[in-house]
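Below is one structure; the comments refer to it alone.
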Amino acid sequence: MFSAGDKEEDFFYAWSELGFSPVDWLRVGLAGSGPARTRRSSRSSAGFSSALRKHVEFTTYVFNLGWEDPTVVLSLAVSF
């Protein structure tokens, strides 16, 4: 991420996943994210599940599960 105004706000963001597919249309696993180069040190982990139907994949990530304020991220991907 590059800031248009202040170089001190620039950072690199990384996201990794480790998943398992028990059946062709389903993927479950863990995801980790966080800034890889920043003065901020926040990192988080999530559980995810992903369903695939033809060329459409819908994924739900739940970060900070069990905390007072979990974060849910929804993803929709279309391949062609």
Check your understanding: Is at least one residue of segment 32-48 more than 20 Å from Phe11 (Cβ to Cβ), modelled with pLDDT of 80 or more and not in a strand (DSSP E or B)?
Key -> no
Revision key, fill the gap. Log entry, pairs with first residue in segment 1-28 being without any contact (Cβ under 8 Å) to a residue 24 or more places away in the chain and closer than 17 Å to Ala77 by Cβ, second being of a type outside the set (Ser, Thr, Tyr) and exposed (fewer than 10 other Cβ atoms within 10 Å of the Cβ), beta carbons closer than 9 Å, six or more apart or on different chains, reads Val28/Phe20; Val28/Pro22
Check your understanding: Does at least one position in segment 8-28 carry a residue that is out of contact with any Pro (no Cβ under 9 Å at 6 or more places or on another chain), at pLDDT 80 or above and among the hydroxyl-bearing types (Ser, Thr, Tyr)?
Key -> yes
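The values are calculated or read from the model by the stated rules, or taken from the named source; none is laboratory data. Predicted model, so just to flag it, every value in this text is computed and none were measured. Cβ sites come from the backbone with ideal geometry, for glycine too, and all protein chains shown count toward neighbours.
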